[in-house]
Amino acid sequence: MAVNVGVILSGCGVYDGAEIHESVLTLLHLTRAGANIRMYAPNKPQMHVINHLNGDVMPETRNVLVEAARIARGKVEDVNKAKVADLDALIFPGGFGAAKNLSDFAVKGAGATVDPDVRAIIEAMHAAKKPIGFICIAPASVGAIALRGKGVKLTIGTDADTNAAITKTGNVPENTQVDQITVDDAHNVVSTAAYMCAKDIADADAGISALVKEVLRRAAPQA
């Protein structure tokens, strides 16, 4: 029986949306494993638009859901439609969109809040004890904020400032290398550093493939 996995995207593009390499690698490994994938994103304006050639803020607005559809090839739903009954697991790729569009971590750090619809599905999955995977900056910008005060073990690699922010949320940072994952058995949460540490796409793939494998193992029906 195939596992149903929700993937939450935050737009399209590392500097203002979902990190494309991380998103595609996640989808690739899920597909190869035979998982049923449902993609979601908030239906709202993104924080700002970044010119990915030079890093400048551009004078325009874009919608997070519309941009996420670029990665999803159009098959993406408003995150307010994500229901715990439909899903066996949930995964969040990284990218600055996870800290700008899924939450305001990029501006407020440990004092951030998560988009209400995103927070609702995280809380529902956590309450149902279903596995959740966080990649790159998402463990800090989404996971640590939505699960504030629960003492969840999370990794973003080794960045001291981001680790300090995780600690301030009442969660527990764990230093890891790019090919490693952090697993919190008590909370059924898996995380990996990806481009917080990776030097290229192959480097990022090491941890992402391990995370997807572990999330699917935890989501599979037990004999």
Apply the membrane-span-like helix rule to the chain: whole DSSP H runs, Cα extent along the own long axis of at least 20 Å, mean Kyte-Doolittle hydropathy at least -1.0. List the helices found. 201-219
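Is the C-alpha gyration tensor of the range 1-151 telling us rounded, prolate or oblate? Criteria: a/c under 1.5 is rounded; beyond that, a/b larger than b/c is prolate, otherwise oblate.
Oblate, because a/c is 1.5 or more while a/b does not exceed b/c.
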With a/c under 1.5 counting as rounded, go ahead and sort the range 1-84 into rounded, prolate or oblate using the C-alpha gyration tensor (a ≥ b ≥ c being the square roots of the eigenvalues; past the cut-off, prolate if a/b is larger than b/c, else oblate). oblate
Computed magnitude of the charge dipole of the chain (debye, nearest 20; Cβ of K, R +1, Cβ of D, E -1): 620 debye
Taking every DSSP beta bridge that has both residues in the chain, what percent is antiparallel when rounded to the nearest 5? 25 percent
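What's the longest bit of the chain with no exposed trypsin sites (Lys or Arg not before Pro), using DSSP loop states and at most 10 other Cβ atoms within 10 Å as the test?
By the stated rule (loop sites, at most 10 other Cβ atoms within 10 Å), 1-72.
Divide by every residue of the chain the summed helix terms, -39500 (n - 2.57) for each DSSP H run of at least 4, and state the resulting mean residue ellipticity at 222 nm, rounded to the nearest 500 deg cm²/dmol.
-9000 deg cm²/dmol, from helical runs alone.
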Centre separation in Å (Cα based) which lies between the range 139-188 and the range 79-128: 15 Å
Pick out, from Cys197, Asn36, Ile8, the residue whose Cα sits farthest towards the positive end of the charge dipole of the chain, with +1 on the Cβ of Lys and Arg and -1 on the Cβ of Asp and Glu. Asn36
Cα-Cα longer than 26 Å, checked against Lys100/Lys153; Lys130/Lys213; Lys44/Lys75; Lys75/Lys130, kept in input order, equals none
Once amide hydrogens are built 1.01 Å from N within the peptide plane, the residues lying 5 or more places from Val152 or on another chain with amide H under 5 Å from its amide H are Val172
Under the Karplus curve 6.51 cos²θ - 1.76 cosθ + 1.60, θ = phi - 60°, whole-Hz ³J(HN,Hα) for the range 36-52, x wherever Gly or Pro sits: 8, 10, 10, 9, 9, 7, x, 8, 7, x, 6, 3, 6, 10, 10, 6, 6
With contacts defined as alpha carbon pairs under 8 Å and 6 or more residues apart, what's the relative contact order of the chain in percent? 20 percent
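Quick note: the coordinates plus some simple rules give every number you see, no bench work behind them. These numbers come from a predicted model, not from an experiment. Note that each Cβ is placed from the backbone with ideal geometry, even for glycine, and that neighbours are counted across all protein chains shown.
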